[in-house]
Amino acid sequence: MSSKLPAEGPAAEQVDSFAAVLAAVRGGRLRTRPDLARHLGLGRNVVSQRVTQLIDSGLLDEGSLAPSTGGRPSRELRFRAEAGCLLVAELGATELQAGLSDLDGVLLAQRTEACDVAGGPEATLARLEQIFNELLATRLVAAPVWGVGVGLPGPVEFSKGRPIAPPIMPGWDDYPVRDRLSATYQAPAWVDNDVNVMALGELRTGIGRNELELLYVKVGTGIGAGLISAGRLHRGAQGAAGDIGHVSVLDDDSVLCRCGNTGCLEALAGGYALSRDGLAAARSGRSPALAAVLEATGTITARDVTAAASAGDPASLALLTRSGRLVGRVLATLVNFYNPSLIVLGGQVSSGGDIFLGELRRTVYGRSTALSARDLRIKTSPLGDRAGLLGAAFLAADQLFSPECLVHWISAGSPAGRPDLSGGGVAA
């Protein structure tokens, strides 16, 4: 029986079985045809057809014989991660990270440099594309680009791949980021909020592996959260879930947030707030340590406040403790509402030492209900800055090998090389 499906297009069950077989081999769970048939509940003929299609499509190949379990030995199947490559990036408020990965999310090369996202999309994306092109030029084997994954530091309408009214990204509102990158590299592109891609990175390769209910919280220049529910990223109806930086924590009109509201968590506890309040402490003389930094460098950063607090500066200690307490209050509300098993903290503020983390933990455990906090763990990210790039790779790969995209391989029969996914990004 031919491995090709009818010209009028594959049925839903055929696409689902195609995706199930690929996911099982790609994830390393099942390696042989008998294992696939046994564990996926598919007939042997169906498994044989799907495997043949996947081999014809360039996604799988066969390797050595698997150890015999008493019957005829089968050849092990392998996902061809090297068949293509992914361009991945994570843009922060002040930093740009770009990388090149294989189809399994393994980073092959990466680059980090300072970048002011407030400079607008044209300049920022032009520089990103320049870095992408330089990374592609370093490839030892010129595998084609199969997809692009990008995280942005603001709300993103995921189905369109466009930022929507991002507070710290002037000029980016409704900019067609996905469409631009897809056209530039003639490959499907996916764009998401940066904290969502960081959450994916932790879920797949960090301390969040095997967790079903996880909350990733980035406390950097801004503050945001990525929610993993039942092992899947939860984006909400429009892709705006997790924007905790703009939760009101104080009824105080004196502190204006960059979103236009007052009393927001980000405006009082984020890295921008620490820099602002640290500068005020230096100028007023309340912090001799920060005053010395200001005189030497002309500015105060969140890292300066963290370093001064670690050295015992009372004013900096008070600022960092207040930040941890305010973030902890919001997280306690989320713990009571969402009941995660693990909170992973990332970003320059949360990685700044035990002062912030200690106050945050005390607040979360003290304000959460006994049952919701009983088995809760709160840890800092072991991936650090790599979480975003890794997550962007998994974002692209997971979408690329979803049933919605795999139907293009099936319909084509046995295309070699990159699939033709006309129209750019495919909405989830």
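The values are calculated or read from the model by the stated rules, or taken from the named source; none is laboratory data. For clarity, every value in this text was computed on a predicted model and none was experimentally measured. Quick reminder, even Gly has a Cβ in these numbers, built from the backbone with ideal geometry, and neighbours come from all protein chains shown. Just so you know, the surface numbers come from the protein's heavy atoms only, side chains and all, with ligands and any DNA or RNA stripped out. Shrake-Rupley method; radii C 1.70, N 1.55, O 1.52, S 1.80 Å.
In this calculation the C-beta distance from residue 55 to residue 341 is compared with R0 = 30 Å, giving a FRET efficiency of 0.15.
At q = 0.11, 0.18 Å⁻¹, what log₁₀ I(q)/I(0) does region 175-275 have when each alpha carbon counts as one equal point scatterer in the Debye sum? Debye output, listed in q order: -0.44, -0.93. Close amide H pairs (under 5 Å, H built 1.01 Å from N) link residue 380 with 345, residues at least 5 positions away or on another chain. Mean separation of Cα pairs under 8 Å and 6 or more residues apart, divided by the residue count, gives region 163-295 a relative contact order of 14 percent. Rounded to the nearest 20 debye, the dipole size of the chain about its Cα centre is 1200 debye, using +1 on the Cβ of Lys and Arg and -1 on the Cβ of Asp and Glu. Relative contact order, whole percent, for the chain stands at 19, derived from Cα pairs under 8 Å and 6 or more residues apart. Across region 366-380, computed HN-Hα scalar couplings (Karplus, 6.51 cos²θ - 1.76 cosθ + 1.60, θ = phi - 60°) run x, 9, 8, 5, 4, 5, 5, 9, 4, 10, 6, 10, 10, 9, 7 Hz from first to last residue, x flagging Gly and Pro. Taking the square roots of 5 times each eigenvalue of the Cα gyration tensor of region 202-342, largest first, gives ellipsoid semi-axes of 32, 17, 12 Å. Other residues within the sphere of radius under 10 Å centred on the Cβ of residue 158, judged by their own Cβ, net out at +2 (K and R +1, D and E -1). Against the chain, whose longest principal axis is taken from its Cα atoms, helix 121-137 shows a tilt of about 50°. Here the ratio of the Cα radius of gyration of region 297-354 to 2.2 N^0.38 Å is 1.32.
Rounded to the nearest Hz, the phi-derived 3J(HN,Hα) couplings of region 289-299 under the Karplus curve 6.51 cos²θ - 1.76 cosθ + 1.60 (θ = phi - 60°) are 5, 6, 4, 5, 5, 4, 5, 7, 10, x, 7, where x marks glycine and proline.
Taking the protein heavy atoms of region 244-342 in the context of the full set of protein chains, the accessible area attributed to carbon and sulfur is 54 percent at 1.4 Å. Estimated from the Cβ-Cβ distance and a Förster radius of 41 angstrom, the FRET efficiency linking residue 255 and residue 230 is about 0.65. Distance from the Cα centroid of region 107-140 to that of region 279-348 is 30 Å (rounded to whole angstrom).
Taking label positions 7 Å along the Cα-Cβ direction at both residue 78 and residue 39, the computed distance is 1.9 nm, reported to one decimal. Compared with the direct C-alpha span, the chain from residue 16 to residue 159 gains 49.3 nm at full extension, assuming 0.36 nm per residue.
Toward the positive end of the charge dipole of the chain, with +1 on the Cβ of Lys and Arg and -1 on the Cβ of Asp and Glu, the farthest Cα among 248, 74, 172 is that of 74. Computed from label points 7 Å out along Cα-Cβ, the spacing between residue 283 and residue 209 is 4.9 nm.
Think of a 1.4 Å ball rolled over the protein heavy atoms: the chain then has 43 Å² of accessible area per residue.
Amide H contacts for residue 74 (H built 1.01 Å from N in the peptide plane; partners 5 or more residues away or on another chain; cut-off under 5 Å): 66.
Estimated purely from DSSP H runs of n ≥ 4, each contributing -39500 (n - 2.57), the mean residue ellipticity at 222 nm for the chain is -13000 deg cm²/dmol once divided by its residues. For residue 342, the residues 5 or more places off, or on other chains, whose built amide H falls under 5 Å of its own are 215, 377. Considering only Cα atoms, the convex hull volume of the chain works out to 163 Å³ per residue.
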